[in-house]
Amino acid sequence: MNTRSAVGRTLRVTDPDARLRLDDLRTLVLWSATDARPPGSAVGAPRLLPVGAPVTVAAIAVDSRRRAFAQVSTAPGGPVLGWTAASNLEGGLLGETVGLAPAGFVVEPDGVAFTVTDNHALVRGGAPGFAPTGALLAVGTQVRVTARSPAGAYVRVAAGQSGGADVGWTALSNLSPGWCPAFAGPEWQDPPGPFGAWDHGKYLGPPVLVRLVGVDGEVESITLDTLGPWLALSSAAAAAGIALDIQSGFRSWPEQAVLYAGFVESRPGFNRAAKPGSSNHQHGQALDLNTGGFDTPAYRWLAANATAHGFVRTVPGEHWHWEYRPDEAPALRAAGRCAREGVAP
Ligand SMILES: [Zn+2]
């Protein structure tokens, strides 16, 4: 799978106030009387990482406010010093993947491993009719896809992670990519829960989510299906000197509910937000990017190049809102447009 992770990389400390924290990501590490303290550092004061010092990322974690932290050591495999905010390190871990949601997810072998996530997954016979056999596949069953119907709507599956017996055909929409015990859990099957995707009031099912570090170390989620296209788009932009960043990606029902409540109550810092279930950001294909306006290098680059990577604009007036729509992008590109009909400019 095409993901980037900073774990194992050595980076320099760039923030002069790079504090070290304990495993709870909150409690500061303080200088003790027995530490070899640099001049001017008092016992009991927060222990800082020296600016410019190289540290190796041993792990990445996210706190309850979606801020990314790196667990750092003095050298690869060396003693762990503690945790520090991602924004204290060179590059701020921008664009790095933090992990998958739910945890414990296994995607290998990529493209073949699936888990049954529909609670009425019919086993079907083969072509031409793919008629139901009367059997059902249980939610949580891990399968391998061994064949696909010509139009792709049905797949033939074998049981288990390897060497399992042929089960028969089923609709691809009954399956989620990868193997993960959490797929059978109640949270995964809860439409207004943390993993439910929605498209304008219609429940789509649970997508696998990937967490990425954004600017200032804030973590955003995007769907696994959108990760590859996003990395291709952002890498192409980076090669052209444009640092693209996701400011808002996938939102779960609970996350959208917080934004909607803030909007309805006119709380400071909250913008117009759609009702939970109807936001463009709940289906996993929408990304708000750091375009900064219509007349900026980032917007001009996207307007010229995003459709080549399957991304199009879909909301009038929102230069920041792009969606991965590979079915629509080629025709718009051929017409010299980056936005859907009726979406100006
Ligand atoms: Zn948006």
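What follows draws every value from the coordinates through simple rules; no lab data is involved. Predicted, not measured: the structure shown is a model, and the values here were computed from it. Cβ: placed from backbone, ideal geometry, glycine included. Neighbour counts: every protein chain shown.
Couple of notes before you dig in:
- Taking the C-alpha atoms only, the angle from helix 224-239 to the longest principal axis of the chain is near 50 degrees.
- Pairwise FRET efficiency - residue 225 versus residue 275, Cβ, R0 = 30 Å, nearest 0.05: 0.80
- Remark: the residue 161-residue 7 segment gains 52.7 nm on full extension, using 0.36 nm per residue and subtracting the alpha carbon distance.
- Contact order normalised by residue count of the chain, Cα under 8 Å, 6+ apart, percent: 12
- Over the C-alpha atoms of the stretch 32-102, the Rg to Rh ratio, Rh being the Kirkwood estimate, stands at 1.01.
- Net charge dipole size for the chain [Lys, Arg +1 and Asp, Glu -1 on Cβ; Debye, nearest 20]: 140
- In this structure the amide hydrogen of residue 99, modeled in the peptide plane, comes within under 5 Å of the amide hydrogens of 211, none closer than 5 places in sequence on its chain.
- For residue 339, the residues 5 or more places off, or on other chains, whose built amide H falls under 5 Å of its own are 313.
- All distinct Cα pairs of the stretch 113-186 go into the 1/r average, and the inverse of that average, the Kirkwood radius, is 12.0 Å.
- Cα-based equivalent ellipsoid of the stretch 204-334: semi-axis lengths in Å, sorted from largest, via gyration tensor: 24, 17, 15
- Annotation for residue 30 and residue 236: the two label points, set 7 Å from Cα along the Cα-Cβ direction, are 5.4 nm apart.
- Residues of the stretch 159-174 with amide N under 19 Å of the 7 Å Cα→Cβ point at residue 127: 167-173
- Packing here is the average count of other Cβ atoms within 10 Å per residue, and on that basis the peptides 74-86, 112-124, 168-180, highest first, run 168-180, 112-124, 74-86.
- Note on residue 335 and residue 173: the extension gain reaches 55.1 nm, defined as 0.36 nm multiplied by sequence separation minus the Cα-Cα distance.
- Here the calculated FRET efficiency for residue 202 and residue 17, from their Cβ-Cβ distance with R0 = 30 Å, stands at 0.05, rounded to the nearest 0.05.
- Fully extended contour minus Cα-Cα distance, from residue 258 to residue 41, at 0.36 nm per residue: 73.9 nm
- Computed on the stretch 113-186, with alpha-carbon pairs under 8 angstrom and 6+ residues apart, the relative contact order is 37 percent.
- Positive-pole candidate from 95, 114, 126, dipole of the stretch 56-162, charges at beta carbon: 126
- Highest-first arrangement of 267-277, 12-22, where packing means the average Cβ count within 10 Å: 12-22, 267-277
- As a ratio to 2.2 N^0.38 Å, the alpha-carbon radius of gyration computed for the stretch 302-345 takes the value 0.95.
- The modelled label-to-label distance for the pair residue 63/residue 187, using points 7 Å beyond Cα in the direction of Cβ, is 2.0 nm.
- Put a plus charge on the Cβ of each Lys and Arg, a minus charge on the Cβ of each Asp and Glu, and nothing anywhere else: the dipole of the stretch 220-310 about its Cα centre is then about 180 debye.
- Coordinate range of the alpha-carbon atoms in the chain per principal axis, descending: 79, 52, 43 Å.
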